[in-house]
Amino acid sequence: MGHFDERALAELAARTYTYRMLHIVFGSEPTEQELALLGGEATAAACAALTFAGYSEAALLTSAVSPFADRLETPAFADELRDQYARLFMVPGEGYVKPWESVYATAEATLFTRRTLDVRAAYESLGFQAQEKGHFPEDHLSMMLDFMAAVAERAYEAAAAGDDGRAARLLDAQLAFAGTHLSNWLPKLRTALEAHDASGFFATFGRVTEAFVEEDRRLVAELTAPLVPACCCES
(Lines give C-alpha, C1' and ligand atoms only; values in the text may rest on other atoms or scores of the structure.)
Protein backbone atom coordinates (compact mmCIF):
# COMPACT_ATOMS: atom_id res chain seq x y z
CA MET A 1 0.00 0.00 0.00
CA GLY A 2 1.15 3.55 -0.75
CA HIS A 3 0.91 6.66 1.39
CA PHE A 4 -2.90 6.63 1.36
CA ASP A 5 -4.15 3.97 3.76
CA GLU A 6 -7.73 2.71 4.07
CA ARG A 7 -8.78 5.62 6.27
CA ALA A 8 -7.29 8.19 3.87
CA LEU A 9 -8.97 6.54 0.89
CA ALA A 10 -12.32 6.70 2.69
CA GLU A 11 -11.76 10.42 3.25
CA LEU A 12 -10.89 10.99 -0.42
CA ALA A 13 -13.98 9.11 -1.56
CA ALA A 14 -16.24 10.95 0.89
CA ARG A 15 -14.99 14.39 -0.11
CA THR A 16 -15.60 13.50 -3.77
CA TYR A 17 -19.19 12.61 -2.88
CA THR A 18 -19.63 15.83 -0.89
CA TYR A 19 -18.43 18.07 -3.71
CA ARG A 20 -20.74 16.21 -6.10
CA MET A 21 -23.77 16.73 -3.86
CA LEU A 22 -22.99 20.42 -3.38
CA HIS A 23 -22.70 20.76 -7.15
CA ILE A 24 -26.18 19.24 -7.52
CA VAL A 25 -27.72 21.52 -4.88
CA PHE A 26 -26.54 24.70 -6.58
CA GLY A 27 -26.78 23.44 -10.17
CA SER A 28 -30.51 23.31 -10.86
CA GLU A 29 -33.93 23.14 -9.27
CA PRO A 30 -33.87 20.17 -6.87
CA THR A 31 -35.82 17.04 -7.69
CA GLU A 32 -37.50 14.66 -5.24
CA GLN A 33 -34.88 12.03 -6.12
CA GLU A 34 -31.99 14.39 -5.34
CA LEU A 35 -33.50 15.40 -2.03
CA ALA A 36 -33.99 11.75 -1.09
CA LEU A 37 -30.33 11.11 -1.94
CA LEU A 38 -29.23 13.97 0.30
CA GLY A 39 -31.09 12.37 3.19
CA GLY A 40 -30.06 8.83 2.34
CA GLU A 41 -27.53 6.24 3.43
CA ALA A 42 -24.80 7.30 1.01
CA THR A 43 -24.76 10.81 2.46
CA ALA A 44 -24.70 9.47 6.01
CA ALA A 45 -21.81 7.14 5.15
CA ALA A 46 -19.80 9.93 3.52
CA CYS A 47 -20.34 12.18 6.52
CA ALA A 48 -19.26 9.40 8.88
CA ALA A 49 -16.00 9.00 6.96
CA LEU A 50 -15.36 12.75 7.01
CA THR A 51 -16.11 12.96 10.74
CA PHE A 52 -13.55 10.22 11.30
CA ALA A 53 -11.07 12.21 9.22
CA GLY A 54 -11.56 15.32 11.38
CA TYR A 55 -14.17 17.40 9.55
CA SER A 56 -16.49 19.23 11.94
CA GLU A 57 -20.27 18.97 12.05
CA ALA A 58 -20.52 22.42 10.45
CA ALA A 59 -18.83 21.11 7.29
CA LEU A 60 -21.01 18.02 6.82
CA LEU A 61 -23.95 17.52 4.49
CA THR A 62 -25.92 16.04 7.36
CA SER A 63 -25.84 19.36 9.18
CA ALA A 64 -27.47 20.99 6.15
CA VAL A 65 -30.04 18.23 5.72
CA SER A 66 -31.06 17.68 9.35
CA PRO A 67 -33.26 20.81 9.75
CA PHE A 68 -35.35 19.60 6.80
CA ALA A 69 -35.19 15.84 7.42
CA ASP A 70 -38.91 15.36 7.97
CA ARG A 71 -39.75 17.16 4.70
CA LEU A 72 -37.04 15.99 2.30
CA GLU A 73 -39.09 13.29 0.61
CA THR A 74 -42.36 15.18 0.34
CA PRO A 75 -43.45 16.45 -3.09
CA ALA A 76 -44.62 19.74 -1.57
CA PHE A 77 -41.13 20.51 -0.24
CA ALA A 78 -39.56 19.75 -3.61
CA ASP A 79 -42.04 22.11 -5.23
CA GLU A 80 -41.24 24.80 -2.66
CA LEU A 81 -37.50 24.48 -3.27
CA ARG A 82 -37.87 24.56 -7.03
CA ASP A 83 -39.76 27.83 -6.70
CA GLN A 84 -37.20 29.23 -4.30
CA TYR A 85 -34.31 28.17 -6.52
CA ALA A 86 -35.84 30.05 -9.44
CA ARG A 87 -36.37 33.16 -7.32
CA LEU A 88 -32.82 33.10 -6.01
CA PHE A 89 -30.77 32.11 -9.02
CA MET A 90 -32.82 32.48 -12.21
CA VAL A 91 -35.16 35.48 -11.98
CA PRO A 92 -33.51 38.93 -11.69
CA GLY A 93 -35.16 41.03 -9.03
CA GLU A 94 -34.89 42.11 -5.41
CA GLY A 95 -34.12 38.60 -4.16
CA TYR A 96 -31.78 37.60 -6.99
CA VAL A 97 -28.48 36.06 -5.86
CA LYS A 98 -25.74 35.79 -8.48
CA PRO A 99 -23.68 32.60 -7.97
CA TRP A 100 -20.58 33.75 -9.86
CA GLU A 101 -17.16 34.48 -8.38
CA SER A 102 -16.58 37.55 -10.55
CA VAL A 103 -19.60 39.34 -9.06
CA TYR A 104 -18.17 39.13 -5.53
CA ALA A 105 -14.43 39.22 -6.23
CA THR A 106 -14.30 42.43 -8.26
CA ALA A 107 -15.28 45.99 -7.43
CA GLU A 108 -17.39 46.26 -10.58
CA ALA A 109 -19.63 43.33 -9.52
CA THR A 110 -19.95 42.26 -13.14
CA LEU A 111 -20.02 38.91 -14.91
CA PHE A 112 -17.30 37.51 -17.12
CA THR A 113 -14.18 39.23 -15.89
CA ARG A 114 -10.54 38.21 -15.71
CA ARG A 115 -11.53 35.92 -12.82
CA THR A 116 -13.76 33.97 -15.20
CA LEU A 117 -10.91 33.52 -17.66
CA ASP A 118 -8.61 32.36 -14.87
CA VAL A 119 -11.16 29.75 -13.84
CA ARG A 120 -11.48 28.60 -17.44
CA ALA A 121 -7.70 28.25 -17.66
CA ALA A 122 -7.67 26.16 -14.47
CA TYR A 123 -10.27 23.82 -15.94
CA GLU A 124 -8.32 23.48 -19.17
CA SER A 125 -5.04 22.79 -17.32
CA LEU A 126 -6.63 19.66 -15.87
CA GLY A 127 -8.60 18.66 -18.94
CA PHE A 128 -11.97 19.37 -17.31
CA GLN A 129 -14.99 20.27 -19.40
CA ALA A 130 -18.29 20.83 -17.62
CA GLN A 131 -21.58 19.67 -19.08
CA GLU A 132 -22.82 23.25 -18.66
CA LYS A 133 -20.00 24.73 -20.77
CA GLY A 134 -21.35 27.48 -23.00
CA HIS A 135 -24.55 27.98 -21.03
CA PHE A 136 -23.11 30.42 -18.47
CA PRO A 137 -19.71 31.78 -17.36
CA GLU A 138 -17.32 29.19 -15.96
CA ASP A 139 -17.02 30.82 -12.53
CA HIS A 140 -20.55 29.71 -11.58
CA LEU A 141 -20.49 28.02 -8.16
CA SER A 142 -22.07 24.81 -9.41
CA MET A 143 -19.53 24.42 -12.21
CA MET A 144 -16.69 25.06 -9.78
CA LEU A 145 -18.03 22.40 -7.43
CA ASP A 146 -18.37 20.00 -10.36
CA PHE A 147 -14.71 20.66 -11.16
CA MET A 148 -13.74 20.04 -7.54
CA ALA A 149 -15.66 16.76 -7.55
CA ALA A 150 -14.11 15.62 -10.83
CA VAL A 151 -10.54 16.32 -9.68
CA ALA A 152 -11.24 14.80 -6.27
CA GLU A 153 -12.43 11.63 -7.99
CA ARG A 154 -9.29 11.43 -10.11
CA ALA A 155 -7.17 11.91 -6.99
CA TYR A 156 -9.03 9.13 -5.22
CA GLU A 157 -8.57 6.77 -8.17
CA ALA A 158 -4.84 7.55 -8.34
CA ALA A 159 -4.43 7.01 -4.60
CA ALA A 160 -6.38 3.74 -4.71
CA ALA A 161 -4.09 2.55 -7.52
CA GLY A 162 -1.01 3.37 -5.45
CA ASP A 163 0.07 6.30 -7.61
CA ASP A 164 0.86 8.61 -4.70
CA GLY A 165 2.61 11.22 -6.84
CA ARG A 166 -0.28 11.76 -9.21
CA ALA A 167 -2.79 11.80 -6.36
CA ALA A 168 -0.76 14.43 -4.52
CA ARG A 169 -0.37 16.59 -7.62
CA LEU A 170 -4.11 16.51 -8.30
CA LEU A 171 -4.97 17.31 -4.70
CA ASP A 172 -2.44 20.13 -4.63
CA ALA A 173 -3.91 21.66 -7.79
CA GLN A 174 -7.42 21.26 -6.43
CA LEU A 175 -6.65 22.92 -3.11
CA ALA A 176 -4.85 25.76 -4.87
CA PHE A 177 -7.96 26.33 -6.98
CA ALA A 178 -10.18 26.33 -3.89
CA GLY A 179 -7.96 28.84 -2.16
CA THR A 180 -7.89 31.16 -5.16
CA HIS A 181 -11.41 30.81 -6.55
CA LEU A 182 -13.75 29.69 -3.75
CA SER A 183 -12.53 30.88 -0.36
CA ASN A 184 -12.41 34.51 -1.50
CA TRP A 185 -16.16 34.85 -2.14
CA LEU A 186 -18.13 32.04 -0.49
CA PRO A 187 -18.65 34.10 2.70
CA LYS A 188 -20.22 36.88 0.62
CA LEU A 189 -22.45 34.43 -1.22
CA ARG A 190 -23.52 32.88 2.07
CA THR A 191 -24.45 36.34 3.40
CA ALA A 192 -26.52 37.03 0.28
CA LEU A 193 -28.31 33.70 0.62
CA GLU A 194 -29.06 34.31 4.27
CA ALA A 195 -30.63 37.64 3.32
CA HIS A 196 -32.83 36.35 0.49
CA ASP A 197 -33.55 32.64 0.91
CA ALA A 198 -37.02 32.35 2.41
CA SER A 199 -36.80 28.56 2.61
CA GLY A 200 -33.54 28.56 4.56
CA PHE A 201 -32.44 25.52 2.57
CA PHE A 202 -29.97 27.16 0.21
CA ALA A 203 -28.64 29.48 2.91
CA THR A 204 -27.91 26.43 5.06
CA PHE A 205 -26.09 24.75 2.20
CA GLY A 206 -24.21 28.01 1.61
CA ARG A 207 -22.90 27.85 5.18
CA VAL A 208 -21.97 24.19 4.84
CA THR A 209 -20.21 24.78 1.51
CA GLU A 210 -18.15 27.60 2.98
CA ALA A 211 -17.18 25.51 6.02
CA PHE A 212 -16.48 22.38 3.99
CA VAL A 213 -14.17 24.13 1.52
CA GLU A 214 -12.13 25.68 4.33
CA GLU A 215 -11.81 22.48 6.34
CA ASP A 216 -11.14 20.43 3.23
CA ARG A 217 -8.25 22.68 2.27
CA ARG A 218 -6.69 22.31 5.70
CA LEU A 219 -7.24 18.58 6.24
CA VAL A 220 -6.27 17.45 2.74
CA ALA A 221 -3.14 19.61 2.92
CA GLU A 222 -2.25 17.82 6.14
CA LEU A 223 -2.94 14.46 4.52
CA THR A 224 -0.61 15.16 1.60
CA ALA A 225 2.08 17.05 3.54
CA PRO A 226 4.58 14.14 3.52
CA LEU A 227 4.38 14.02 -0.29
CA VAL A 228 6.12 16.62 -2.46
CA PRO A 229 4.14 17.36 -5.66
CA ALA A 230 6.25 17.59 -8.83
CA CYS A 231 3.86 20.05 -10.50
CA CYS A 232 0.29 21.25 -10.44
CA CYS A 233 -0.82 20.66 -14.02
CA GLU A 234 -2.07 17.24 -15.06
CA SER A 235 -4.85 15.94 -17.21
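For (1) open to solvent by 20 Å² or more (accessible area, probe 1.4 Å); (2) without any contact (Cβ under 8 Å) to a residue 12 or more places away in the chain; (3) closer than 18 Å to Phe212 by Cα, each residue gets a yes or a no:
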position	(1), (2), (3)
Phe26	no, no, yes
Ala36	yes, no, no
Phe52	yes, no, yes
Ser66	yes, yes, yes
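Quick check, is Ala44 farther than 21 Å from Leu193 by Cα and surrounded by fewer than 16 Cβ atoms within 10 Å (Cβ to Cβ)? The answer is yes for Ala44.
Ala150 - would you say it is closer than 25 Å to Ala59 by Cα and surrounded by fewer than 18 Cβ atoms within 10 Å (Cβ to Cβ)?
Details: closer than 25 Å to Ala59 by Cα: yes; surrounded by fewer than 18 Cβ atoms within 10 Å (Cβ to Cβ): no.
Against the criterion (closer than 25 Å to Ala59 by Cα and surrounded by fewer than 18 Cβ atoms within 10 Å (Cβ to Cβ)), Ala150 does not qualify.
Looking at the structure I just gave you, is Arg190 touching a Lys or Arg at 6+ places or on another chain (Cβ under 9 Å) and either open to solvent by 50 Å² or more (accessible area, probe 1.4 Å) or at pLDDT 95 or above (or both)? Yes. Comparison of Leu22, Leu61, Leu88, Leu72 shows that the only residue that is open to solvent by less than 50 Å² (accessible area, probe 1.4 Å) and farther than 26 Å from Trp185 by Cα is Leu72.
Can you confirm whether Ala168 is surrounded by fewer than 17 Cβ atoms within 10 Å (Cβ to Cβ), aliphatic (A, V, I, L, M) and more than 22 Å from Met21 (Cα to Cα)? No, not satisfied. In the range 1-109, counting only helices (runs of 4 or more DSSP H) that sit wholly within it, the ones holding 1 or more residues that are modelled with pLDDT of 95 or more and β-branched (Val, Ile, Thr) span 6-27, 41-53, 61-65. Considering the range 113-172, and only residues there that are within 20 Å of Thr209 (Cα to Cα) and among the acidic types (Asp, Glu), the residue that is modelled with the highest pLDDT turns out to be Glu153.
When Glu101 is tested against (1) among the charged types (D, E, K, R); (2) open to solvent by 50 Å² or more (accessible area, probe 1.4 Å); (3) closer than 23 Å to Ala195 by Cβ, only condition (2) is not met. Cβ separations smaller than 7 Å between residues 6+ apart or across chains give the following pairs from the range 69-80 residues that are more than 13 Å from Gln33 (Cα to Cα) to residues that are part of a loop (DSSP other than H, G, I, E, B) and open to solvent by less than 70 Å² (accessible area, probe 1.4 Å): Ala69/Gly39; Glu80/Ser199.
The values are calculated or read from the model by the stated rules, or taken from the named source; none is laboratory data. Values in this document were obtained by computation on a predicted structure and should not be read as measured data. Note: ideal-geometry Cβ built from the backbone for every residue, glycine included; neighbour counts use all protein chains shown. Remember, those area values only see protein heavy atoms, side chains included, never the ligands or the DNA or RNA. Shrake-Rupley method; radii C 1.70, N 1.55, O 1.52, S 1.80 Å.
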